Each structure stands twice: as structure tokens, then as C-alpha cells.
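Since the structure comes first, as C-alpha cells, the remarks are kept for the end.
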Amino acid sequence: MTEGTLMRIGELASRTGVSVRSLRYYETQYLLASRRSPSGQRLYSEDDVARVAFIQRMYAAGLSSRTVSDLLPCVESPSASNDRAAFRRLSEERDKLSTHIDELIATRAALDGLIEANRRHQQSLDGVTA
């Protein structure tokens with residue numbers, strides 16, 4: 001890779017629509033790596049544009065940094081083994097999400113019950129004072 005194909009962090013941020021702060025965070029989570037210029041500036045390759053897009057898609061799906069990190073080998077070194085591992089991990093995340101949704105639905109139903117009880121109580125008070 002020649003020096004001309006590298007870009008600084010601001011350009012990567014501009015090209016991906018991701019803040020500079022987020023790109024630095026990705027580095028602290030080992031999701032993204034930069035080279036350093038002689039003056040210490042972060043430098044990225046064209047491949048990093050696609051990598052950031054992948055990271056963003058994973059975050060948009062609600063995955064954590066750790067899960068994204070676990071999925072990166074599938075992208076970096078595609079193989080049947082990595083594909084199966086990614087499938088299992090994504091399935092686990094979906095199962096966790098489904099469980100959380102079920103819990104939220106139950107919580108909403110309990111809250112609906114409390115709201116209805118409060119509504120009936122208010123109606124009974126309105127009947128007493130009327």
C-alpha cells in the first residue's frame with residue numbers, strides 16, 4: 001500500500017459519516033487499526049472505509065462492541081468455520097433480543113394493568129365527589 005492511498009482520520013470520518021470520536025472509540029475496542037504517520041497522525045486505508053461500514057451495520061443491528069469483535073474474523077478470514085461461528089453468534093444475539101422483547105411485552109402488560117386500575121380508581125373518586 002502506498003502512502004498516497006492512505007487517508008487521515010478526518011477523511012475517513014467524512015467518507016463514512018462516522019464521527020472522529022467514534023473512529024477513535026473503534027480503535028480502543030480493537031475494531032479498527034490505524035497506521036501512524038511520522039508526525040503521529042492516524043492513517044487509514046481504503047479497506048477501512050468498508051470495515052467502518054460493516055461496524056456501523058453491526059451497531060445498527062444492536063450488537064455490542066464485543067460481539068462485533070467476535071464477528072470480525074468472519075470478515076477478515078472467511079472460512080466455513082468462521083461462517084458457522086458467526087451464524088451461531090448472530091443466532092445467540094437474536095435469541096437474547098427475543099427474550100428481552102418478551103420481557104418488555106410482559107412489563108408493558110403489567111403497566112397496562114396498573115394504568116387500568118388507576119383509571120378505575122379515578123372514576124370511583126369522581127363518582128364520590130360528583
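Fewest first, what order do Ile9, Ile101 take by the number of other Cβ atoms within 10 Å? Write out the running numbers ahead of the final one.
On the way: Ile9 17, Ile101 10.
Fewest-to-most Cβ neighbours within 10 Å comes out as Ile101, Ile9.
Taking only the alpha carbons of the chain, we obtain Rg and Dmax values of 24.2, 84 Å in that order. Inter-label distance, Ser19 to Asn82: 3.1 nm, where each label sits 7 Å from its Cα along the C-beta direction.
Net length available on complete extension from Ile101 to Val128 is 5.7 nm, with 0.36 nm assigned per residue and the Cα-Cα distance removed. Panel note: the C-alpha atoms of the stretch 90-130, placed on their principal axes, show extents of 59, 7, 5 Å (largest first). At each listed q (0.13, 0.14, 0.24, 0.25 Å⁻¹), what is the log10 of I(q)/I(0) that the Debye formula gives for the stretch 1-63 modelled as equal alpha-carbon point scatterers? After summing over all Cα pairs, the log10 values are -0.32, -0.37, -1.03, -1.11.
In a simple Cβ point-charge model (Lys, Arg +1; Asp, Glu -1; nothing else charged), the stretch 1-112 has a dipole of about 320 debye relative to its Cα centre.
Just so you know, all these numbers are worked out from the coordinates, no wet-lab data involved. Keep in mind that this is a model prediction, so the values were computed, not measured. Please note: Cβ atoms are built from the backbone with ideal geometry, for glycine as well, and neighbour counts cover all protein chains shown.
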